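Contents: one structure, followed by commentary.
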Amino acid sequence: MTGNKNKQLKNHKDKSIAKNSIYYATYNAFNVIFPFITGMYVARILRPDSVGIVAYAQNIAQYFVIFAFLGIPTYGVREIAKVRNAERERSKVYSELLVINFISTCIFSAIYLLLILSVPSFRSNLPLYLTTGAAIVLNALNNSWLYEGLEEFKFISLRNIAFKALCLMLLVILVKGPEDYIKYAMITVLGTAGNYVLNIAYAPKFVKFTIKDLNLKRHMRSILLLVVVNLAIELYSLVDVTMLGSLSTSRNVAYYTYASKINKIFVQIINSFTLVIVPRIAFYYKEKRNQEFNELLAKTLDTILLISIPIVAGIQICASDAITLIYGTDFLPSANVLRILSFVLIVSPVGYLLGSRVLLVTDNERTMIICVVMGAIANVIGNAILIPKFEEFGASIASVISESIVMLIYIHYGKAYFAIHGETKNIIKIIAAVTAMSIYVISIKRIIVGGAAVNIFVRLIVQVIGALIVYFALLYVMKESMTATYLKKIFRRLKNE
């Protein structure tokens, strides 16, 4: 018995959190580059009105995608992680969740089809809504949670990079003008399709799909609870676009959508450090290894703050240059939207780590519902009040307020399961380094002036590279714990080589 347990622990350690973080960070780095490149192209080819039309159609389809996958993407990671070393049970859990996913996808695909055929505004642009609705049908093949639960982040990263590169190539070849907005929507769906097909094809390496002796009922309670959680979480972005489309114009939708895309990229990068620890903290909690549980949470929190605070400061200073360079002057109103939304980069990942992730691995799905529903209600109310007056800027303010509410409620409930101390000193050091970094960035902005594309590009490059050097050098001098640890490891390896 002891031998089996030791073997399980060894297998668990074989998956390096550091390597997983690198793989996932590489994937997210490509996620940063990809939207920048596609955004630069699409914004100039489709223009704000066509971009807004596609964004609104994708927004409507996304509601049904959330319902179709129920809470399986979140629940599946946890359940696969629990049985990762038991092949038979792992295959059974996988088969049960895939069957449930298939049934729900069929149901909500049919409901979506009825909707777009019934509503005149959707029916008038039926090809577009059928194209964006294909994402719902494709959800039947969605088993990404299997690879996340097994910590196969190398496969996840390489797969996504390959299909994003393919989509970029097709975009440049096929999308030539504003009238090609449906082709743009098709290419977006194609990226999802390729990932899902490859996922299914690769799955037999880890599991054996079966329809014998399945017990679907045992998963339904948690799945149905998590679908409410996921829907409420997604409402922050979905409702913003839905209400903007209803209360303003497609142009306002485009301004908000493009700023939100950049912000979401940074959120994904920061949350990648949280995502890769979910299987590990679930394992530590199950094994009652409380010290390791708390230490891992503390290190991840340090990493989140270390990355998010300087990014927010940088966005406040450089948003106009970044938007102009990426999307062109037609999308310049997106800069102020991005400045407002950037505060989400701190509150959302902190709440995600100390609330959502902690409550998930401790089987507190009901509590998660309370947290996110409160935030969703706040978001809807905020949008209803602010969008009529401030349009896309009102939607941005409502998002920040609702995310902050969720973070506070999450931490209130999550703190019963963790104990993290001594973060104040690190935060003070981070703020001091960010202040010095900001002074440098502002100085460069005054030295390298001019609105030409070359000037903007050079200015941003000098600002980013210099800011990184100033920021991390000061943190190292002040002996900030995470920076000192990682830089010492790097210096030691360079010395040995």
Seminar exercise, completed: Restricting attention to region 327-343, the residues that are open to solvent by 10 Å² or more (accessible area, probe 1.4 Å) and of a type in the set (Val, Ile, Thr) number exactly 2
Exercise. If you take the residues of region 235-250 that are among the β-branched types (Val, Ile, Thr) and open to solvent by less than 40 Å² (accessible area, probe 1.4 Å), which of them is nearest to residue 373 (Cα to Cα)?
Worked result: 239
Exercise. Only one of these conditions is not met by residue 209: (1) open to solvent by 10 Å² or more (accessible area, probe 1.4 Å); (2) assigned to a helix (DSSP H, G or I). Which number is it?
Worked result: (2)
Exercise. Taking helices (runs of 4 or more DSSP H) that do not extend beyond region 58-171, which have at least 3 residues that are of a type in the set (Phe, Trp, Tyr)?
Worked result: 87-118
Seminar exercise, completed: Taking region 388-431 and keeping only residues that are part of a helix (DSSP H, G or I) and among the β-branched types (Val, Ile, Thr), one is left with 397, 400, 401, 405, 406, 409, 411, 424, 427, 428, 430, 431
Exercise. For residues in region 251-283 being open to solvent by less than 30 Å² (accessible area, probe 1.4 Å) and among the aromatic types (Phe, Trp, Tyr), which is farthest from residue 78 (Cα to Cα)?
Worked result: 255
Seminar exercise, completed: Contact list, first residue from region 415-443 and in contact (Cβ under 8 Å) with a residue 40 or more places away in the chain and among the small types (Gly, Ala, Ser), second anywhere and surrounded by 12 or more Cβ atoms within 10 Å (Cβ to Cβ) and part of a loop (DSSP other than H, G, I, E, B), beta-carbon distance below 8 Å, six or more apart or interchain, is 432/478; 433/478; 433/480
Exercise. Do we have residue 289 as among the basic types (Lys, Arg), open to solvent by 30 Å² or more (accessible area, probe 1.4 Å) and under 26 Å from residue 446 (Cβ atoms) here?
Worked result: no
For this session: Return yes when residue 447 is open to solvent by 70 Å² or more (accessible area, probe 1.4 Å), modelled with pLDDT of 95 or more and over 28 Å from the mean Cα position of the chain (by Cα) and no when it is not.
Result: no
Exercise. Just a yes or no: is a residue in region 158-166 open to solvent by 20 Å² or more (accessible area, probe 1.4 Å), of a type in the set (Lys, Arg), touching a residue at least 40 places away in the same chain (Cβ under 8 Å) and closer than 30 Å to residue 48 by Cα?
Worked result: yes
For this session: Show the residue pairs that are 6+ apart or on different chains and have beta-carbon atoms under 9 Å apart, the first residue being within region 323-337 and in a helix (DSSP H, G or I), the second being acidic (Asp, Glu) and open to solvent by less than 40 Å² (accessible area, probe 1.4 Å).
Result: 334/392; 335/321; 336/392; 337/392
Seminar exercise, completed: Pairing a residue in region 197-213 that is among the acidic types (Asp, Glu) with any residue that is surrounded by 17 or more Cβ atoms within 10 Å (Cβ to Cβ), where Cβ atoms lie under 8 Å and the two sit 6 or more apart in sequence or on different chains, gives 213/92
Exercise. Would it be correct to say that residue 202 is assigned to a helix (DSSP H, G or I) and crowded, with 18+ Cβ neighbours inside 10 Å?
Worked result: no
Problem set entry | The one condition in (1) farther than 29 Å from residue 183 by Cβ; (2) surrounded by fewer than 21 Cβ atoms within 10 Å (Cβ to Cβ); (3) under 26 Å from the mean Cα position of the chain (by Cα) that residue 98 fails to fulfil | (2)
Exercise. Condition test on residue 48, is it touching a helix residue (DSSP H, G or I) at 6+ places or on another chain (Cβ under 6 Å), at pLDDT 80 or above and open to solvent by less than 10 Å² (accessible area, probe 1.4 Å)?
Worked result: yes
For this session: Check 210, 188 and return the single one that is over 19 Å from the mean Cα position of the chain (by Cα) and of a type in the set (S, T, N, Q).
Result: 210
For this session: Being of a type in the set (Lys, Arg) and touching a helix residue (DSSP H, G or I) at 6+ places or on another chain (Cβ under 7 Å) is the filter; apply it to region 76-95 and report the residue that is most open to solvent (accessible area, probe 1.4 Å).
Result: 82
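The values are calculated or read from the model by the stated rules, or taken from the named source; none is laboratory data. Quantities reported herein were computed from a predicted structural model and do not represent experimental measurements. Every residue, glycine as well, gets a Cβ built from its backbone with ideal geometry; the counts of neighbours run over all protein chains shown. Surface accessibility is based on the protein's heavy atoms, side chains included, excluding ligands, DNA and RNA. Shrake-Rupley method; radii C 1.70, N 1.55, O 1.52, S 1.80 Å.
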